[in-house]
Amino acid sequence: MPTPLRRFGSVKIAASKILLLGGLEKMSKENEQVFCFDLNEASGKFSIEHLDTLEKPGVIEQPLLVDSIG
């Protein structure tokens, strides 16, 4: 990870892809970034891509709903 995170939200969006949302960084700084963790099972390698930012950074404590539009 480019930034160590704790207490972040996660959503599985495909068989090998997970979105990592928000969370807390070092010294409890709120994180507003969204990352996509992609595990390529055939090769055993993974990639982490920075996608977008959240309107409200920090710990996500509410249930997450994801639709096909975004």
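Just so you know, all these numbers are worked out from the coordinates, no wet-lab data involved. All figures in this text were calculated on a predicted structure; none of them were measured in a lab. Glycine gets a Cβ as well: all are built from the backbone with ideal geometry, and neighbour counts include every protein chain shown.
Below are the figures for this structure:
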item: Residues satisfying the stated conditions in segment 48-58, i.e. surrounded by 11 or more Cβ atoms within 10 Å (Cβ to Cβ) and either of a type outside the set (A, V, I, L, M, F, W, C) or more than 12 Å from the chain's Cα centre (by Cα) (or both); result: H50, D52, T53, P57, G58
item: Top-ranked residue in segment 14-28 [being among the aliphatic types (A, V, I, L, M) and surrounded by 12 or more Cβ atoms within 10 Å (Cβ to Cβ); ranked as nearest to E55 (Cα to Cα)]; result: L21
item: Residues that are assigned to a loop (DSSP other than H, G, I, E, B), buried (at least 16 other Cβ atoms within 10 Å of the Cβ) and in contact with a Leu (Cβ under 6 Å, 6 or more places away or on another chain), drawn from segment 1-10; result: F8
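Here is a yes/no grid of residues against (1) assigned to a strand (DSSP E or B); (2) in contact with a His (Cβ under 7 Å, 6 or more places away or on another chain); (3) touching a residue at least 40 places away in the same chain (Cβ under 8 Å); (4) not charged (D, E, K, R):
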| site | (1), (2), (3), (4) |
| --- | --- |
| K12 | yes, no, no, no |
| L19 | yes, no, yes, yes |
| M27 | no, no, no, yes |
| L39 | yes, no, no, yes |
| S43 | no, no, no, yes |
| K56 | no, no, no, no |
| Q62 | no, no, no, yes |
| D67 | no, no, no, no |
